[in-house]
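Have a look at the structure below, then the notes.
Just so you know, all these numbers are worked out from the coordinates, no wet-lab data involved. Predicted model, so just to flag it, every value in this text is computed and none were measured. Here the Cβ positions follow ideal geometry from the backbone for every residue, glycine too, while neighbour counts run over all protein chains shown.
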Amino acid sequence: MSENTSSRSDVTNLEREGEIAADFLEKLLDIADLDGDIDVEVDGDRASVSIVDSEEGQVPRSLVGSNGKTLDALQELMRLAVQAETGERSRAMLDIAGHRAERRSTLETKGAEAVARVKESGEKVEMEAMSAFERKVVHDVVLAAGLTSESEGTEPNRYVVVLPN
């Protein structure tokens, strides 16, 4: 199989994951009688599904929960629904009412600030505890800035340490 064919097949599989996830979430919203539209995209190497405000009303922010805990739980249920259908482990991401997008932006800023402190002081900087998604965002910012980072601690208290060169 050529690389182009393989790449197209991967996108098709991710699109299918997104469709399965969207169907699951639509049913969930219907059962709970909640408003919201579902958007599906392929974002790099994973399906990205978002529940967004609809013409009928806003997505209840309670679906995000305290510190995104409800969102994380719904994402896991969504992934399980995809796995049950495909037989493959899913890495699909879920965003609700832009919560993850806003959190990503905040983490990118915090990561850049930690990089600046490390470059200025030459000392490592330990950040607050974060979810795996959040740590990945910070690791990407640190790498792009030319520094290295690592995760330390144990769940749910794992955190990023930004290291000097």
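Mind checking which of Val162, Leu74, Ala32 is farthest towards the positive end of the chain's charge dipole, using Cβ charges of +1 (Lys, Arg) and -1 (Asp, Glu) about the Cα centre? The listed residue farthest towards the positive side: Val162. Modelled this way, with points 7 Å down the Cα-to-C-beta line, the labels at Glu152 and Glu15 are 4.6 nm from one another.
Cross-link reach is defined here as a Cα-Cα straight distance under 20 Å, omitting same-chain residues fewer than 8 places apart; for Lys69 the lysines meeting it are Lys136. Computed from the Cβ-Cβ distance with R0 of 25 Å, the FRET efficiency linking Ala116 to Ala32 stands at 0.05.
Assuming 1.567 mPa s and 4 °C, estimate D for segment 22-165 with Stokes-Einstein, Rh taken as the Kirkwood radius over Cα pairs, in µm²/s.
Values: Rh = 16.7 Å.
Reported coefficient: 78 µm²/s.
When the helices of the chain are scored as -39500 (n - 2.57) per DSSP H run of n ≥ 4 and the total is divided over every residue, the value at 222 nm lands at -17500 deg cm²/dmol.
Multiplying the residue separation of Glu55 and Val42 by 0.36 nm and removing their Cα-Cα distance gives an extension gain of 2.3 nm.
Between the Cα long axis of helix 69-86 and the first principal axis of the chain there is an angle of about 60°, rounded to the nearest 10.
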